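Enquirer: I have a structure I would like to understand better, so I am pasting it below and will then ask my questions one at a time.
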Amino acid sequence: VVDGFELRKSAILHKAFTGELTERWRKEHGVGLDSWEQLSIDSICHSLRYGTAKKSEKTGSVAVIRMGNLQQGEIDWSDLVYTNDKNDIEKYYLNAGDILFNRTNSAALVGKTSIYRGEYPAIYAGYLIKLDYDHEVVTGDFLNYALNTDRAKKYCNSVKTDGVNQSNINAKKIGAYVIPVPQVNEQRAIVK
């Protein structure tokens, strides 16, 4: 069942990012597939920011999202650590809709991406990159889905640098990744 779900999800995401999923929507709204642009993550984002390198604590006022908390495009709120560091909280504080990219992990898990929905106050750890995207160009959910496609996983696999038990993708490499970007109203239709 799980394998079947993953195959269906992969097929739906493929249709979403080739325009097939919203073909009828475009006809109803008089929009052509030629309205889609091929944009790099760098051109979509104001910045790609690495998280805090400071050690977290077992208790504190603000959660610190780590690579293990990024699961299937969402934040897993179990196994948390915390911080009370005011400078880090100010510098790395997350806002609802922020996208986090896992830049360092095992070869199979590097490149995972999740959206922060604002459930709890949180900052993010140094093995993650926050994609500070232009909200007028792309929606957070659309970007999150785009970075969780098989195509994105293949790209990450092709550009990762392997070390001992760890792989890494730096901000420059993720910034070079190009995704198809329709108008925001079509992005919302795709997400829906």
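The values are calculated or read from the model by the stated rules, or taken from the named source; none is laboratory data. All of these numbers come straight from a predicted model, not from anything done at the bench. Counting neighbours? That spans all protein chains shown, and the Cβs are built from the backbone with ideal geometry, glycine included. Surface areas here come from the heavy atoms of the whole protein model, side chains and all, with no ligands, DNA or RNA. Shrake-Rupley method; radii C 1.70, N 1.55, O 1.52, S 1.80 Å.
Enquirer: Check Ile41 against each of (1) under 16 Å from Tyr145 (Cβ atoms); (2) free of Cβ contacts under 8 Å to residues at least 12 places away in the same chain; (3) not small (Gly, Ala, Ser) and name the one condition it does not meet.
Expert: Going through the list (1) under 16 Å from Tyr145 (Cβ atoms); (2) free of Cβ contacts under 8 Å to residues at least 12 places away in the same chain; (3) not small (Gly, Ala, Ser), Ile41 breaks only (2).
Enquirer: Please go through region 181-191 and give me each residue that is out of contact with any strand residue (DSSP E or B) (no Cβ under 6 Å at 6 or more places or on another chain) and not small (Gly, Ala, Ser), ordered by number.
Expert: At the first step, the residues of region 181-191 found to be out of contact with any strand residue (DSSP E or B) (no Cβ under 6 Å at 6 or more places or on another chain) are 182-191.
Selection gives Pro182, Gln183, Val184, Asn185, Glu186, Gln187, Arg188, Ile190, Val191.
Enquirer: Now, a different point. Of all residues in region 32-86, which are among the hydroxyl-bearing types (Ser, Thr, Tyr), part of a strand (DSSP E or B) and open to solvent by less than 70 Å² (accessible area, probe 1.4 Å)?
Expert: Those that are among the hydroxyl-bearing types (Ser, Thr, Tyr), part of a strand (DSSP E or B) and open to solvent by less than 70 Å² (accessible area, probe 1.4 Å): Ser40, Ser47, Thr52, Tyr82, Thr83.
Enquirer: Could you tell me which residue of region 138-170 is farthest from the chain's Cα centre (by Cα), considering only residues that are among the hydrophobic types (A, V, I, L, M, F, W, C) and in a loop (DSSP other than H, G, I, E, B)?
Expert: At the first step, the residues of region 138-170 found to be among the hydrophobic types (A, V, I, L, M, F, W, C) are 138, 142-143, 146-147, 152, 156, 159, 164, 169.
Keeping just the survivors that are in a loop (DSSP other than H, G, I, E, B) gives 138, 147, 164, 169.
Details: Val138: 12, Leu147: 6, Val164: 25, Ile169: 13 Å.
Among residues in region 138-170 that are among the hydrophobic types (A, V, I, L, M, F, W, C) and in a loop (DSSP other than H, G, I, E, B), the one farthest from the chain's Cα centre (by Cα) is Val164.
Enquirer: Same structure again: Collect the residues in region 64-117 that are of a type in the set (S, T, N, Q) and touching an Asp or Glu at 6+ places or on another chain (Cβ under 6 Å), keeping them in residue-number order.
Expert: Within region 64-117, Asn69, Ser114 qualify.
Enquirer: Taking the criterion of being among the hydrophobic types (A, V, I, L, M, F, W, C), open to solvent by 20 Å² or more (accessible area, probe 1.4 Å) and at pLDDT below 95, would at least one residue in region 100-107 satisfy it? Steps first, answer last, please.
Expert: Filtering region 100-107 for residues among the hydrophobic types (A, V, I, L, M, F, W, C) gives 100-101, 107.
Of the ones still in play, those that are also open to solvent by 20 Å² or more (accessible area, probe 1.4 Å) are 107.
From the residues that got through so far, the ones that are at pLDDT below 95 too are 107.
Scanning region 100-107 turns up at least one residue that is among the hydrophobic types (A, V, I, L, M, F, W, C), open to solvent by 20 Å² or more (accessible area, probe 1.4 Å) and at pLDDT below 95.
Enquirer: Under the condition of being open to solvent by 60 Å² or more (accessible area, probe 1.4 Å) and polar (S, T, N, Q), which residue from region 155-183 is modelled with the lowest pLDDT?
Expert: If we take residues in region 155-183 being open to solvent by 60 Å² or more (accessible area, probe 1.4 Å) and polar (S, T, N, Q), then Asn165 is modelled with the lowest pLDDT.
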